[in-house]
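Working notes, structure below.
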Amino acid sequence: MDARNLDKAMELFAKLIVGEPVGETENSDLYEVWRSNAEVYDILDSVLKKSNLNLYEYENALYLSAGEGNRVFGFTNEELKKAIGLRLNRELYLAYFVIYNVILLFYTDSASPSYCEYIKTEDVIDQVNASLAKVLKDLHEKALNEIEANSFQVIGALWEDMPMTAANDDMSSLKAARGSKVGFVKLVFNFMISQNLFFESEDRYYATSRFKAITENYYAEYRGRLYTLINEGGGEDAPY
């Protein structure tokens, strides 16, 4: 192993792990080394795999994401509840469901990626309503296991009990809060903004390149059971 290549690979790792941009426009020398030097590429790949981290390339830039169950660079459930502003596990599970439906609004097919320009809070609410209605209908028509059935019933009841907005509030003025559908979606968006996945302008939410990089690769690799339930229906042979 060439010591210079090891140094370059670790320098690149250090930049990525703290969230510094690496691509054609920023840290371009490291990006070019990653693209052109096979040993640097292999060293970094090995370090990332041992650290349970995923590296994605999108539009000539690199993006890092924690792997599933990564307790060092990811979030525990308790940490995630605190970061979003939630108290109960069922609220966190509903937040997961909202995030998944935000992804569905932007991106549904890894074979032909297509993004809308922006989404609004009411778009997410409509999508969550439709997804929950479909899954809850499948509880009665398809053979979902008991854990899945109970989970969706819990988040469905929590969502159903929320008013659209709090008293005397409207869609544009309502702040992020746990007491209404609009407020809850805004809590989720605030968290996604903090993770550099979205930015907001005049109550419109625009996806960042980091969101697109992670989403495209997620759909290609980990689409999984929730996608199956929402888009294809349940069933004993559905892939997990």
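The values are calculated or read from the model by the stated rules, or taken from the named source; none is laboratory data. Since this is a predicted model, take the numbers as computed values, not measurements. Cβ coordinates were reconstructed from backbone atoms using ideal geometry, including for glycine residues, and neighbour counts include every protein chain displayed. Accessible surface is based on the protein model in full, side chains and every heavy atom, while ligands, DNA and RNA are left aside. Shrake-Rupley method; radii C 1.70, N 1.55, O 1.52, S 1.80 Å.
So which lysines can LYS175 reach, going by Cα to Cα under 23 Å and dropping same-chain residues fewer than 8 places off?
List returned: LYS81, LYS82, LYS120, LYS186.
How high is the relative contact order of the stretch 1-134, given as a whole-number percent (alpha carbon pairs under 8 Å, six or more residues apart)?
15 percent
Under 16 Å from a point placed 7 Å out from the Cα of ASN190 along the Cα-to-Cβ direction: which residues of the stretch 71-86 have their backbone N that close?
Counting only backbone N, you get 80-86.
Find how many whole Å separate the alpha carbon centroid of the stretch 178-199 from the alpha carbon centroid of the stretch 29-94.
Going from one Cα centre to the other spans 20 Å.
What FRET efficiency, computed as 1/(1 + (r/R0)^6) with R0 = 51 Å and r the Cβ-Cβ distance, is obtained for ALA177 and ARG4, rounded to the nearest 0.05?
That pair, ALA177 with ARG4, gives E of 0.45.
Note down the nm distance, to one decimal, between modelled labels 7 Å out along Cα→Cβ at PHE199 and at ASN89.
3.9 nm
Roll a 1.4 angstrom probe over the protein heavy atoms and tell me the percent of accessible area of the stretch 1-106 that is carbon or sulfur.
The nonpolar share, carbon plus sulfur, comes to 47 percent.
Please work out how much length the chain gains when fully extended from GLU68 to TYR206, using 0.36 nm per residue of separation minus the C-alpha to C-alpha distance, in nm with one decimal.
The span from GLU68 to TYR206 would gain 47.1 nm if fully extended.
Tell me the label-point distance for the pair ASN150, LYS120, using the 7 Å Cα-to-Cβ offset, in nm and rounded to one decimal.
The modelled label-to-label distance comes out at 4.0 nm.
Evaluate the distance, in nm, between pseudo-label points positioned 7 Å from the Cα of ALA14 and of GLU216 along their respective Cα→Cβ axes.
Output for this residue pair reads 3.0 nm.
Rounded to the nearest angstrom and ordered from largest down, what semi-axes does the equivalent ellipsoid of the stretch 17-101 get from its C-alpha gyration tensor (root of 5λ)?
32, 14, 10
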